[in-house]
1. Using beta carbons and a limit of 7 Å, which pairs, at least six apart or on different chains, have the first residue in the stretch 176-198 and of a type in the set (A, V, I, L, M) and the second one assigned to a loop (DSSP other than H, G, I, E, B) and surrounded by fewer than 17 Cβ atoms within 10 Å (Cβ to Cβ)?
2. Answer yes if at least one residue in the stretch 65-76 is under 17 Å from the mean Cα position of the chain (by Cα), assigned to a strand (DSSP E or B), among the polar types (S, T, N, Q) and modelled with pLDDT of 95 or more, and no otherwise.
3. Check whether at least one residue in the stretch 114-134 is over 17 Å from V226 (Cβ atoms) and surrounded by fewer than 19 Cβ atoms within 10 Å (Cβ to Cβ), and report yes or no.
4. Against the definition (in contact (Cβ under 8 Å) with a residue 60 or more places away in the chain, buried (at least 17 other Cβ atoms within 10 Å of the Cβ) and closer than 22 Å to I24 by Cα), how does Y160 come out, yes or no?
5. Among the residues of the stretch 60-108, write down those that are β-branched (V, I, T) and exposed (fewer than 15 other Cβ atoms within 10 Å of the Cβ).
6. Which one is nearest to L227 (Cα to Cα), of the residues in the stretch 135-153 that are surrounded by fewer than 20 Cβ atoms within 10 Å (Cβ to Cβ) and touching a residue at least 40 places away in the same chain (Cβ under 8 Å)?
7. Of all residues in the stretch 1-59 being among the hydroxyl-bearing types (S, T, Y) and part of a strand (DSSP E or B), which is surrounded by the fewest Cβ atoms within 10 Å (Cβ to Cβ)?
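The values are calculated or read from the model by the stated rules, or taken from the named source; none is laboratory data. These numbers come from a predicted model, not from an experiment. Cβ atoms come from the backbone with ideal geometry, glycine included; neighbour counts cover every protein chain shown.
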Amino acid sequence: MQNPYLPYPVRIDEIIVETEDKNIKTFKLVFLNSADEERFSYKAGQFAELSVAGKGEIPIGIASSSTEKGYVMFTVNKAGLVTTHLHSMKVGDIIGIRGPLGNPYPWDIMEGKNIAIIGGGFAFTTLRSSILYMLDPANRPKFKDIDVIYGARSPGMLLYRDELAAWEARDDINMHITVDSTDDPDWKYNVGFVPTITEQKAPAGNADTYAIICGPPIMIKFTQPVLDKLGYTHDHIIMSLEMRMKCGIGICGRCNIGKEFVCKDGPVFTLARLNNMPKEY
């Protein structure tokens, strides 16, 4: 049995600077051993631990989709010791990856439904994974309408800009991109906070519609009442608490909310389930 503490060795194959402040980068990682890649079988919504020798490890949502083969991607915000060191690394450097961890979004339940993706800031990573999964030709017929509301502070802070443009050009997904504010006279998308744009653009809630939300706590706090107003039942609002992650396998006990271990019981929860948990998140 694979040691859950033993990371798989991976090579940094590509580094993409995502934002104008250069504090968010996407790392494309290639497994050194093909057997490890086969064992690292994941679905959109799961996370993993990235480990850097001598520095430590960090839990990060998986940004790539299982439909993308030959590599796995993580989008990392430079914020602490491990992430700062990772940002200084180069293509060809070796790091470790441990996982996949946690539970994915409930794709089997959402088949045949309309999906509203709502995200903000650099928390859009697992939502990128979700969008690519649903848009894959083998999966797109499984879902009805797909609406995406994605916001950042300014145009230069949006992630995956080439992909956003490619998705917008498609006729089988509705993109609603927004920024808090901008002085750019050529900006052609929305201006406003994510909750406001959600109220204007999101489909109405009903038995055939699910909402997936991932973003900063303040965005989530003000988006929940909007979804209530739009008619979403709390069992159709799906959220991720991946920012609570620590060891990832329920040993350290630092991610618990009441009796729930977010790394093992989550990080994906419906709002209905969260309503029955202590308000510690």
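1. V179/R153; V179/S154; V191/S181; V191/T182
2. Yes, there is a match, as at least one residue in the stretch 65-76 is under 17 Å from the mean Cα position of the chain (by Cα), assigned to a strand (DSSP E or B), among the polar types (S, T, N, Q) and modelled with pLDDT of 95 or more.
3. no
4. On the way: in contact (Cβ under 8 Å) with a residue 60 or more places away in the chain: yes; buried (at least 17 other Cβ atoms within 10 Å of the Cβ): yes; closer than 22 Å to I24 by Cα: yes.
Yes.
5. Step one: list which residues in the stretch 60-108 are β-branched (V, I, T), which gives 60, 62, 67, 72, 75-76, 82-84, 91, 94-95, 97.
The answer is T84, V91, I94.
6. Within the stretch 135-153, the first condition is being surrounded by fewer than 20 Cβ atoms within 10 Å (Cβ to Cβ), and the residues that meet it are 135-142, 144-145, 147, 153.
Now restrict to residues that are touching a residue at least 40 places away in the same chain (Cβ under 8 Å): 136, 138-139, 144-145, 147.
Values: D136: 27, A138: 30, N139: 26, K144: 19, D145: 17, D147: 14 Å.
Among them, the one singled out is D147.
7. Of the residues in the stretch 1-59, the ones among the hydroxyl-bearing types (S, T, Y) are 5, 8, 19, 26, 34, 41-42, 51.
After this cut, where a residue has to be part of a strand (DSSP E or B) as well, the list is 8, 26, 51.
Values: Y8: 22, T26: 19, S51: 22.
Among residues in the stretch 1-59 that are among the hydroxyl-bearing types (S, T, Y) and part of a strand (DSSP E or B), the one surrounded by the fewest Cβ atoms within 10 Å (Cβ to Cβ) is T26.
Residue by residue, here is whether (1) in contact with an Asp or Glu (Cβ under 7 Å, 6 or more places away or on another chain); (2) within 24 Å of P216 (Cα to Cα) holds:
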{"site": "D21", "(1), (2)": "no, yes"}
{"site": "T26", "(1), (2)": "yes, yes"}
{"site": "L29", "(1), (2)": "yes, no"}
{"site": "Q46", "(1), (2)": "no, yes"}
{"site": "P59", "(1), (2)": "yes, yes"}
{"site": "T75", "(1), (2)": "yes, yes"}
{"site": "G96", "(1), (2)": "no, no"}
{"site": "P100", "(1), (2)": "no, yes"}
